[in-house]
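S.K.: There's a structure below that I have some questions on.
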Amino acid sequence: MNTLARRLCLLLGLGMLLLLQACATVKSADARDPWEPMNRSIYQFNDAVDTIAIKPAAQLYVKVLPSMVRTGVSNFLGNLGDVWSMANSAMQLKGQATVETFMRININTFIGLAGFLDVASEMGIEKRREDFGQTLGHWGVASGPYLVLPLFGPSTLRDAVAFPVDMQGNVTQRLNDEATRYSLLAVRLVDTRSGLLKTVDVIKAASLDPYSFVRDAYLQKRQNDIYDGNPPSRFDYSETTSSR
């Protein structure tokens, strides 16, 4: 495991240790979020880091780079991410999704100038995002409690366990040059945050409790992710039974 992955795993491990230390005494009104006080503390920490460092970097990124360039960067990073999505589609035995994502990768890589142009979407080939947390959910692993990860934000216990695997599955982690890996990780972070500048501001301005809004939105999104947009009419967030 490379240096970056080890550091991320250590960070997640420390966050998990704090949560497990608190879980015996924590009470929450929401059964999905038994570690709410600790989660709120980590949420506030993440928000402070975002305000001080990440948001200003994203704002500068938007100010300096033209929209066309930013779109190209997003497409390039998305094309790299499609490789891991394809692998997870295959692990979930989603034949059509696996084939279509394989086609996306080849079309965008060879026709779309290494992925800077999203030719596949223009051809009507749907982009699918799959990760190892979804793969675990597909095979019946329960989501577990809601969890806010230091620096990485909303998650669940299942997704937190899957996170190091997702990091290793990222194509950029296969690069030998450490400086390049760090640079791509930083660009991905800033690019993702730049796309959420207005959304985050609206949430903070319009929500009485941004923490609860983000939590509910995340859990609903993951529900839709696991069931490919077709969740059961009555969904048990505790997932005491199999997801499939």
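S.K.: Inspect the range 107-117 for any residue being within 22 Å of LEU184 (Cβ to Cβ), crowded, with 21+ Cβ neighbours inside 10 Å, touching a helix residue (DSSP H, G or I) at 6+ places or on another chain (Cβ under 9 Å) and of a type outside the set (Gly, Ala, Ser) and give the result as yes or no.
M.R.: Yes - at least one qualifying residue is present in the range 107-117.
S.K.: Out of the residues in the range 162-209 meeting the condition of being in contact (Cβ under 8 Å) with a residue 24 or more places away in the chain and small (Gly, Ala, Ser), tell me which one is surrounded by the fewest Cβ atoms within 10 Å (Cβ to Cβ).
M.R.: In this case the residue turns out to be GLY195.
S.K.: I'd like to check something: does the range 163-180 contain any residue that is under 14 Å from the mean Cα position of the chain (by Cα), closer than 19 Å to ALA57 by Cβ, at pLDDT below 95 and not small (Gly, Ala, Ser)?
M.R.: No, the range 163-180 contains no residue that is under 14 Å from the mean Cα position of the chain (by Cα), closer than 19 Å to ALA57 by Cβ, at pLDDT below 95 and not small (Gly, Ala, Ser).
S.K.: Tell me, yes or no, whether the range 226-235 has at least one residue that is over 20 Å from GLY133 (Cα atoms), exposed (fewer than 15 other Cβ atoms within 10 Å of the Cβ) and without any contact (Cβ under 8 Å) to a residue 40 or more places away in the chain.
M.R.: Initially, the range 226-235 is screened for residues over 20 Å from GLY133 (Cα atoms), giving 233-234.
Then keep just the ones that are exposed (fewer than 15 other Cβ atoms within 10 Å of the Cβ); that gives 233-234.
Filter once more, so that each one left must be without any contact (Cβ under 8 Å) to a residue 40 or more places away in the chain: 233-234.
Within the range 226-235, one or more residues are over 20 Å from GLY133 (Cα atoms), exposed (fewer than 15 other Cβ atoms within 10 Å of the Cβ) and without any contact (Cβ under 8 Å) to a residue 40 or more places away in the chain.
S.K.: Within the set of pairs 6+ apart or on separate chains, which have a first residue in the range 58-76 that is polar (S, T, N, Q), a second that is loosely packed, with under 15 Cβ neighbours inside 10 Å, and C-beta atoms under 9 Å apart?
M.R.: Qualifying pairs under 9 Å: GLN59/LEU197; SER74/THR192; SER74/GLY195.
S.K.: Select the helices (runs of 4 or more DSSP H) contained entirely in the range 1-119, then report the ones holding at least 1 residues which are within 20 Å of SER155 (Cβ to Cβ), over 23 Å from the mean Cα position of the chain (by Cα) and modelled with pLDDT under 95.
M.R.: Helices (runs of 4 or more DSSP H) meeting the threshold: 3-22.
The values are calculated or read from the model by the stated rules, or taken from the named source; none is laboratory data. Note that the structure is a prediction, hence the values are computed from the model and not measured. All Cβ positions, glycine included, derive from the backbone under ideal geometry; neighbour counts span all protein chains shown.
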